[in-house]
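Please see the structure below; I have some questions.
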Amino acid sequence: MADQRLFFALWPETEVREALLQQLSTDPQVKGRRHHPDDLHMTLVFLGQLQGRKPACIEQAAESISGQRFELSLDHTGYWPRPKIVWIAPQSTPTPLALLVDGLKQRLTACGFEPEQRTYKPHVTLFRKAQRISPWQLTQPIQWPVKEFVLASSNNPQPNQSRYKILQRWPLA
Ligand code: ATP
Ligand code: MG
């Protein structure tokens, strides 16, 4: 765990993952690297490496959150030129999601992390190292009932293998 990058995230179950995979194959104009199917996720808070900070504190932070379930409606895609990613996102951030992210950030600050100051923009990366695309709207948004959040780590990617590993899961009420 010590030398891995850690992050809290939402991980889609089979049904949502398959709908996302369909979006990956929808648009032939996209030139970029697809995520491995098992790697599709929505980051909540990025932690980075532990660097002496305590895994127990992270676990306690997640444990002490009393988050509520919510539903995401992923309805549009977009492109960020700096990280060169094509993403899919909901039109707005449901309040329970914003509370979950804020709650985690607050607790993680007490663990010695310096969470992102920029406004949280929920998104699922579809393509990495991608060329600019014309964003598209989904005629049928992907409905994602969110029932848990996870702590995940980045592994050194091998070709055709997943780059992330789910370390632990916490249910939402
Ligand atoms: P790589 O960096 O090796 O290309 P990656 O970006 O997918 O791969 P990580 O950098 O470990 O892997 O990031 C894990 C997750 O956290 C990804 O969803 C990534 O977009 C997100 N992330 C990474 N850095 C930040 C950051 N500074 N702020 C917010 N989210 C981040
Ligand atoms: Mg990265």
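Among the residues of segment 120-140 satisfying the criterion of being at pLDDT below 95 and of a type in the set (Val, Ile, Thr), which is nearest to Val45 (Cα to Cα)?
So, considering only residues that are at pLDDT below 95 and of a type in the set (Val, Ile, Thr), the one nearest to Val45 (Cα to Cα) is Ile133.
Give segment 79-94 a look and list any residue that's over 26 Å from Asn156 (Cα atoms) and either within 16 Å of ligand 2 (Cβ to nearest atom) or modelled with pLDDT of 95 or more (or both), or say none.
Ala89, Pro90, Thr93, Pro94, listed by residue number.
Would you confirm whether or not segment 100-110 contains a residue that is within 14 Å of ligand 1 (Cβ to nearest atom) and either among the basic types (Lys, Arg) or in a loop (DSSP other than H, G, I, E, B) (or both)?
Scanning segment 100-110, I find at least one residue that is within 14 Å of ligand 1 (Cβ to nearest atom) and either among the basic types (Lys, Arg) or in a loop (DSSP other than H, G, I, E, B) (or both), so the answer is yes.
Could you grab me the full set of residues in segment 115-147 that are in a strand (DSSP E or B), touching a residue at least 40 places away in the same chain (Cβ under 8 Å), away from ligand 2 (no atom under 16 Å from the Cβ) and out of contact with any helix residue (DSSP H, G or I) (no Cβ under 9 Å at 6 or more places or on another chain)?
Within segment 115-147, Gln137, Pro141 qualify.
Here's the yes/no breakdown for (1) surrounded by fewer than 19 Cβ atoms within 10 Å (Cβ to Cβ); (2) without any contact (Cβ under 8 Å) to a residue 60 or more places away in the chain; (3) in contact with a helix residue (DSSP H, G or I) (Cβ under 8 Å, 6 or more places away or on another chain); (4) among the aliphatic types (A, V, I, L, M):
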{"site": "Leu20", "(1), (2), (3), (4)": "no, no, no, yes"}
{"site": "Ser25", "(1), (2), (3), (4)": "yes, yes, no, no"}
{"site": "Gln29", "(1), (2), (3), (4)": "yes, no, no, no"}
{"site": "Arg34", "(1), (2), (3), (4)": "yes, no, yes, no"}
{"site": "Leu40", "(1), (2), (3), (4)": "no, no, yes, yes"}
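Can you pull out every residue in segment 130-163 that is closer than 23 Å to Asp38 by Cα and hydroxyl-bearing (Ser, Thr, Tyr)?
Ser153, Ser154, Ser162
Kindly evaluate Gln161 against the criterion of being over 14 Å from Leu47 (Cα atoms), in contact (Cβ under 8 Å) with a residue 12 or more places away in the chain, among the polar types (S, T, N, Q) and away from ligand 1 (no atom under 15 Å from the Cβ). Full working, then the answer.
Values: over 14 Å from Leu47 (Cα atoms): yes; in contact (Cβ under 8 Å) with a residue 12 or more places away in the chain: yes; among the polar types (S, T, N, Q): yes; away from ligand 1 (no atom under 15 Å from the Cβ): no.
Here the answer is no, as Gln161 does not meet what is asked.
Another question about this same structure. Since Val86 meets every condition but one in (1) in a loop (DSSP other than H, G, I, E, B); (2) within 15 Å of the chain's Cα centre (by Cα), which condition does it not meet?
(1)
While we're here: Can you run down the residue pairs with Cβ atoms below 8 Å, 6 or more apart or on separate chains, where the first is in segment 46-60 and among the β-branched types (Val, Ile, Thr) and the partner is within 14 Å of ligand 1 (Cβ to nearest atom)?
Partner pairs satisfying both residue conditions: Ile58/Leu6; Ile58/Leu47; Ile58/Leu108; Ile58/Leu151.
Here's another thing I want to ask about it. Applying the selection to segment 67-90, what residues are within 18 Å of Gln22 (Cα to Cα) and either of a type in the set (A, V, I, L, M, F, W, C) or within 13 Å of ligand 1 (Cβ to nearest atom) (or both)?
Leu72, Leu74, Ile85, Val86, Trp87, Ile88, Ala89
Conditions: (1) within 11 Å of ligand 1 (Cβ to nearest atom); (2) more than 27 Å from Gly48 (Cα to Cα). Tyr120 meets all but one. Number of the miss?
That leaves (2) as the condition not met.
Can you find, within segment 42-62, the residue that is nearest to ligand 1 (Cβ to nearest atom) among those that are outside any helix (DSSP H, G or I) and surrounded by fewer than 13 Cβ atoms within 10 Å (Cβ to Cβ)?
Gln51
The values are calculated or read from the model by the stated rules, or taken from the named source; none is laboratory data. Source: prediction; values computed, not measured. Glycine gets a Cβ as well: all are built from the backbone with ideal geometry, and neighbour counts include every protein chain shown.
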